[in-house]
Each structure stands twice: as C-alpha cells, then as structure tokens.
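Before any comments, here is the structure.
Readers should treat all values here as calculations from the given coordinates under stated rules, not as data from a laboratory. The structure presented is a predicted model; accordingly, all values stated were derived computationally and were not measured. All Cβ positions, even for glycine, are placed from backbone atoms using ideal geometry, and neighbour counts span all protein chains on display.
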Amino acid sequence: MNKEVILAHLKTVKESAEVALQGCIERDTKARSKGDPQFKPLSDAYYAHRFDFKKTLPPMPFKLVNYCACEYPMYIIAVPGTVTTVYRGSPQQLDTAEVFTVDPEKLEVYTAFLKKYMPELEDEPSWFLSSYWG
C-alpha cells in the first residue's frame, strides 16, 4: 500500500463523513421543526454509513496510538493487535508471554511499511511502556 493510496482513503473518509453529517443535520432540523413523532436522530444513519464505508477499506499495516494525553496528543505507530491500554486507577497484570508475542505476518507487513515510508529509521521496532493521561 503506497502513501497516495492511504492519503486518498483518508480524504475519502473525511469527505464521506462530512456529506453524511450534513445530511444528518438537515434531516434532524426538519424533523424537529415539524414535531415528527417518528423522529430518530440521523446520527444512526451516519454511523451506519461510516461502518459500511470502513468495511470497504483495506486493513492498515499499523495502528495509530496516542501515548500522551487527550489534550496534548503525541502519537506512535504499532503493529495491529499489540496495543494494551490500562487506565489510571485500574491496574492490570500482564502476561508477558502474551503481550510480547507478535504475529510474524503482521510484523513483516509492518516492517515493510516502515522501510518503504520511513527509510531513515535505523532502529528495529521495539516495545514501549508509557502513561496516558486522559
């Protein structure tokens, strides 16, 4: 998957969401003004549209992870299926054999993606433990 394909998908997702959201706003406004007893928020339609659209996208070879705070996001990318999130006040015991095991096929796709789009990276993928304030 090349950079142009990823950017085109992201642009299409954004445009599709904007169109669906605008339709929701217009329909909701009309239904509310008429006092329609069958009124249902179009957010249901928006989320259905979004869900259907997302099914058409190819899987990304990475997961975007916010590792800092919701107010001050900082991101890293991770191999899909390897992120464990534990929230403040809810400690979790981790099985290191499970946590540090990566599907070799996913790791290969992830590494190929990094080499293609970030050739300046010299380090091998590694594990990070960070706190998330949010």
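Each residue of the stretch 121-126 in turn: what ³J(HN,Hα) in whole Hz from Karplus with 6.51, -1.76, 1.60 and θ = phi - 60°, glycine and Pro shown as x?
With coefficients 6.51, -1.76 and 1.60, one gets 5, 10, 7, 7, x, 9 Hz.
Taking 0.36 nm per residue of separation and subtracting the Cα-Cα distance, what length does fully extending Lys55 through Asp95 add?
11.2 nm
Simple spin-label model, 7 Å along Cα-to-Cβ: Lys63 to Tyr132 in nm?
0.9 nm
Between Val86 and Ala8, what is the label-point separation in nm under the 7 Å Cα-to-beta-carbon projection?
Simple spin-label model gives 4.3 nm for this pair.
Quick check: pseudo-label points 7 Å beyond the Cα along Cα→Cβ at Lys106 and Glu122, how many nm apart are they?
3.0 nm
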